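Read-outs throughout are calculated quantities, based only on the coordinates presented, and are distinct from any laboratory measurement. Remember, it's a predicted structure, so these values are computed and weren't measured experimentally. So basically every Cβ, Gly included, is an ideal-geometry build from the backbone, and we count neighbours across all protein chains shown.
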């Protein structure tokens, strides 16, 4: 909900329990998507449930709400300190609202940024996890699940997408800074070795005895050595963020896979090299795609093709969509084959193209902004999306030339996934 001064973001985390964020519009720039704020609230709730259980259960135990507030306040303080921190102040993370103002971020809590590895490194990690899951201590198995991370980025998980995402968030905020110490949790046992972190979820029951923990540590030590060596040789540390391993020179992109709950994207510091106009237009495109998808999921049929491009860029903006590479629009704004245009108050062509991008067929949407930036969206029927941004040096670029970098990126990273016109 957008008011005169503030934007209100509401998320119903549990029946009749809402989380609310109120953000000043002057602080939330045009590059901040609605999905980014919702992902912030969802991630906060997932970590709360991981540490304390469901809010409804706590309210049943303490109807005054004091227990919920006491458990929630430290998490709110931590989120607030990150959002209000000056950029780069004492942290390798982006400060302020830079992470929210990143339209090429995944902005989906369960879209886990899994790192890909070679077959050899994969087998080493798999061997480590299998040793944990099958290890028996005094006639019973202790570990019920595990998440393996390298440099803070997940490599392997035996848990569901939501639980994995919550553990990855918790590791980044709390476990990684403290893992070099001796910390033993009743149900979550972190193990740290260099860049390698293993989070072991223990079965319900009383806290394990010291000798059981020592035996589990020995199992971890035997498997962690080969896994860490294989990963260190394959994924050398790059300055700044571990997500730098996904940087593709000359490309700015974000790939999400809702089927596998995975994501891959350009590091934030590279995204910030784009112009403010390109970031604002991309944020608008992503917000409207998410809005259309939400209307489809909620059964809303009216208004899903109305006003989807209003406020995106004013004059000079053109939309060019390809279904099998069949639609273009000349740069001068005159009608071309398969092209369409819209004015305020008329159905926007972007609505129909969004419908195609969400349909059972593969689709591609290309948008040229008034400042000669090109936005490309590719979608397939299995829930995979790819957003790319191209800001060419040449002002007058043909449609085929503008899409060529996206074709090259797909051939390199996602062969056979998206439609190749």
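First check a/c for the stretch 1-159, with a ≥ b ≥ c the square roots of the eigenvalues of its C-alpha gyration tensor; if it is under 1.5, answer rounded, and if not, answer prolate when a/b is larger than b/c or oblate otherwise. Cα axes put the stretch 1-159 in the oblate bin. One chain, two ends: residue 25 and residue 169. Fully extended at 0.36 nm per residue, the span grows by 49.2 nm beyond their Cα-Cα distance. Each Cα pair under 8 Å and six or more residues apart adds its sequence gap; the mean of these over the residue count of the stretch 6-84 is a relative contact order of 22 percent. With both labels modelled 7 Å from their Cα along Cα-to-Cβ, the residue 209 to residue 187 distance reads 2.4 nm. At an R0 of 22 angstrom, the distance between the Cβ atoms of residue 217 and residue 126 translates into a FRET efficiency of 0.65. Cβ crowding within 10 Å ranks 369, 117, 64, 33 as 64, 117, 369, 33, fewest other Cβ atoms first. In the stretch 6-84, the C-alpha radius of gyration followed by the widest Cα-Cα span (Dmax) gives 13.5, 42 angstrom. Between residue 133 and residue 64, the distance separating the two model label sites (each 7 Å from Cα on the Cα→Cβ line) works out to 4.5 nm. Which residues in the stretch 134-155 have a backbone N closer than 15 Å to a point placed 7 Å from the Cα of residue 232 along the Cα-to-Cβ line? So the set is 150-151.
If you look at the Cα atoms of the stretch 119-234, you get an Rg and a Dmax of 13.2, 39 Å.
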